[in-house]
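The values are calculated or read from the model by the stated rules, or taken from the named source; none is laboratory data. Bear in mind that the values here come from a model prediction, so they are computed numbers and not experimental data. Here the Cβ positions follow ideal geometry from the backbone for every residue, glycine too, while neighbour counts run over all protein chains shown. Ligands, DNA and RNA are stripped out before the accessible areas are found, and what is left, the full protein with its side chains, is counted by its heavy atoms. Shrake-Rupley method; radii C 1.70, N 1.55, O 1.52, S 1.80 Å.
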Amino acid sequence: MRDPALDDRPGYRRRFRVAPGEGWVRSELEDDYHHMRVTLRHAGGVITAVEPEMVRAPWTTCPGAIARLEQTFTGAALSEAPLGRNAEKATNCTHLHDLATLAATHALDRAPLTYDILTEDPIDGRRRIELRRNGEPVMHWVEQDGRLVEPAAAAGLTLLQLKPYIESLDAEGQEQARILRWGAVVAHGRAIPLENQSDATRMPPTCFTFQPETKLKARRVGEIRDFSGGGEQPLEPRRSAPKEASPAS
């Protein structure tokens, strides 16, 4: 059941949109910190070209991941891209990698697809987390003090302990749970002061920017947007010009 109160609660929002075409598919995401898209061109079930774009990214080094994504997915079979490239995710921009994976999975669909993540800011350690597919709710989680209390099958687990639960779901459920989990993790950034999340050298090597050879030169940049409160929504035309942030020192 859709939780209408989430639409009005302050919190994190992320939208994925996938548009398939003849011989191509484009996936795009926008949230508080990111706006990126990936176009895959394909023929005979094989990815022939990868075209990533970074409209808004949080680190000066993020654009360097474009070439890495091209290397990772060009020449891959559409059928193997969702799973066969996961070992290389940590050396990619994880968001571009997710977009390429989502695009490959839905490359042969006949209609566009939209996923929306709504995560409220915690109240007394409790937060609600919802995923909607084409506007309809498909997953609803409740977290208390960092551990899920709903769904019952995942009760007591943290977001980073969900792998066995996710693997117990069918293919569609796995896709949706992975999307929701990662969005819920990124949403924690709303509660962390910017100065405490602007030193890449303190981060584990979980993405392209945080690799040892890259993190030393990474600087925090980029606009942070708040889509909660019923105003502007991700991937919709802007009502006002953006205010550019200065690189963090």
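For this structure, a couple of remarks:
- Highest-first arrangement of 188-200, 205-217, where packing means the average Cβ count within 10 Å: 205-217, 188-200
- Classified by the C-alpha gyration tensor, the stretch 1-112 has an oblate form. Its axis ratio a/c, with a ≥ b ≥ c, is 1.5 or above, and a/b does not exceed b/c.
- For D116, solvent-accessible area (1.4 Å; no DNA, RNA or ligand), Å²: 20
- Taking only protein heavy atoms and a 1.4 Å probe, the accessible area of the stretch 1-74 is 53% carbon and sulfur.
- Whole-number accessible area per residue in Å² for the stretch 121-249, which is evaluated in the context of all protein chains at 1.4 Å: 57
- Across the chain, Cα pairs under 8 Å and at least six residues apart give a relative contact order of 24 percent.
- Area accessible to solvent at V185, 1.4 Å probe radius, in Å²: 40
- Residues whose amide H falls under 5 Å from that of W24, counting only those 5 or more places apart or on a different chain, are H42, with hydrogens built in the peptide plane.
- All Cα pairs of the chain, percent lying beyond 27 Å: 37
- Within the accessible surface of the stretch 105-218, defined with a 1.4 Å probe on protein heavy atoms only, the carbon and sulfur portion equals 54 percent.
- Percent RCO, i.e. relative contact order, over the stretch 108-249, from Cα pairs under 8 Å lying at least 6 residues apart: 12
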